[in-house]
Ligand SMILES: [Cu+2]
């Protein structure tokens, strides 16, 4: 494969996703996600290792333990006659109030337990759906709660309870607990808009018991009116009226899916899946070859120019753009996250996150904003309804191998310089000043108004004219934490302290917020790992980019919010020797007769 460039991007975000890929269950690729059959084998092996006590084992995480990168590359380079690396699963279970970490080897039949350790650090694993549902069912039969509901004149049959993590505020001992909040349906499915205020409940998940109960105050309940989002519950007039638009693929889908590997245009990448991360895009590579395939027209311009500078001639050249979008949607309680990876024939990857779903609100006695005299920590979006201020931060784990694993991170500042020559009327100009980050601390960035380019280069590879091949990160809207650094939530989410971090690749550094986030104490975050200030120049490096949204709610976000998007781009920068889509022809327009 002549002149092949490869950029490897493995993407992890901190949010929990519940996206299931319906792909082939045969695993041929070492990064393929675990199959249903493998899950059964793992369950059997783990339960077997606990013998008669196995009924007390609960599974909190099961995922592929990715083989080391060199093994994957070596397998890829010679896959025909190579056995794939050992397939292993990483498992976290709770057993007798302890967290156990296991590695299961699936290459042997039956699978073997390679290691089994008790975790003694802070924080707890991901909550299971079953325990959250069991905790949410407890109040219904809890005497104090029954009295609280009666006191408010509400029907228990319309009460819905949800569980929330409790965080950590300096306690010396932590039990595995959740708080439970109550909501009311009674005329709407949008119960999040009808919180039953004043009741505080804490459930100990190990005892599966309500261990704290306070009924502190009551407020007016927001009405069900105007909270519905189902179409059949809306009343006329309807609108605005939209006419349908279609993406058609008259010559077929244009992309090819083989197992978990997707090929499209000059791109090829692998999609894995992890229960905590959602989809993981790996081994994304774009080939610097001229293939000439055309895919669906998306209506954007790939490049264009109109030239009128040559007398007697008007030159107009336009190429329409076509992208391949990998989309996953993940519903996390009240919120929905739409995660898009848009691959472009030009070699760019655009990352977009769309936030939609239902806000978290609190019930208040006010019915009009003019009645509010103190800080209510939110916006009045309806009578008796305050939607609270909050943040969203998503950290992308970008394991870029630009034309090989050894890469460097270069920050190029755009700086203003005075004009030195005499007799020149101009006083200033701007130029660039590039600096390669040698260690982790030199790469940590607060992005803002300072103009700069952020490029990952391969210092060992050059283009024909001598530039280092690279990919650059173009940030989108920037958000930085606006809490005190020593505040507990910020301490735990210290990975947001910078917009960008660069670390040397370390397989164990997977989760920016730590392996055990529930009630974590901030001792296992990106901010802690990078204190070692390791070397990152000409190394296998990982970029951690945090995309954030400070969310001040507005009335349009009620009763369900229109999608709010944020994103960033990875773009080839001296990666190709010229515009890689120069010779791409625009796909023929698709003409369809449409009835008005
Ligand atoms: Cu929000």
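The values are calculated or read from the model by the stated rules, or taken from the named source; none is laboratory data. Since this is a predicted model, take the numbers as computed values, not measurements. Cβ atoms come from the backbone with ideal geometry, glycine included; neighbour counts cover every protein chain shown.
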- Message: Restricting to region 321-336, name every residue that is more than 18 Å from residue 559 (Cβ to Cβ) and either part of a strand (DSSP E or B) or within 12 Å of the ligand (Cβ to nearest atom) (or both).
- Response: 321, 324, 325, 326, 327, 328, 329, 330, 332
- Message: Based on this model, can you work out whether residue 355 counts as within 16 Å of the ligand (Cβ to nearest atom), in contact with a strand residue (DSSP E or B) (Cβ under 9 Å, 6 or more places away or on another chain) and closer than 30 Å to residue 248 by Cα?
- Response: yes
- Task: Check region 562-577 and report whether any residue there is within 16 Å of the ligand (Cβ to nearest atom) and touching a helix residue (DSSP H, G or I) at 6+ places or on another chain (Cβ under 7 Å).
- Result: yes
- Note on the structure: When (1) under 24 Å from residue 124 (Cβ atoms); (2) outside any helix (DSSP H, G or I); (3) more than 16 Å from the ligand (Cβ to nearest atom); (4) modelled with pLDDT under 95 are applied to residue 481, the one that fails is (3)
- Item | Verdict on residue 145 being touching a helix residue (DSSP H, G or I) at 6+ places or on another chain (Cβ under 6 Å) and under 18 Å from residue 178 (Cα atoms) | yes
- Has region 411-426 got any residue that is farther than 30 Å from residue 503 by Cα, within 16 Å of the ligand (Cβ to nearest atom) and either at pLDDT 95 or above or exposed (fewer than 15 other Cβ atoms within 10 Å of the Cβ) (or both)? no
- Wholly within region 357-437, strands (runs of 3 or more DSSP E) carrying at least 3 residues that are under 30 Å from residue 509 (Cβ atoms) and not assigned by TED's automatic domain parsing to the domain that holds residue 222: 390-398, 406-418, 428-436
